[in-house]
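I have placed the structure first, in the form of structure tokens, so that the comments after it can refer back to it.
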Amino acid sequence: MVETPCIKVCRILEGGNLCHGCGRTLDEIGRWTSMSPEERQTIMAGLAERLGRADIDSTEPRSEA
């Protein structure tokens, strides 16, 4: 099984291409299963910071508003 940061809250932020749930870009989501484990780990290591820059708290449950 491929490790993934997906939390099943798939919503692309308005005006961008960043998933509100996991913080990956559309390109990263599309290529995820073909990436090496090292590439996935590198991306996963930066997701919390990426979500923070987008002003999304990755530790809080998200709801549809």
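The values are calculated or read from the model by the stated rules, or taken from the named source; none is laboratory data. Because the structure is a prediction, the values reported are computed rather than measured. Every residue, glycine as well, gets a Cβ built from its backbone with ideal geometry; the counts of neighbours run over all protein chains shown. Side chains are part of the model used for accessible areas, which takes the heavy atoms of the whole protein and leaves out ligands, DNA and RNA. Shrake-Rupley method; radii C 1.70, N 1.55, O 1.52, S 1.80 Å.
In segment 31-40, the qualifying residues are those that are touching a residue at least 12 places away in the same chain (Cβ under 8 Å) and open to solvent by 60 Å² or more (accessible area, probe 1.4 Å), and the one that is farthest from the chain's Cα centre (by Cα) is 37. Show the residue pairs meeting these rules: Cβ distance below 6 Å; 6+ apart or different chains; first residue within segment 1-30 and in a loop (DSSP other than H, G, I, E, B); second residue among the basic types (Lys, Arg). Here the result reads 9/62; 20/11; 23/50, each pair linking segment 1-30 to a residue that is among the basic types (Lys, Arg).
A count restricted to segment 8-30 and to residues that are polar (S, T, N, Q) and either open to solvent by less than 70 Å² (accessible area, probe 1.4 Å) or at pLDDT 95 or above (or both) stands at 1.
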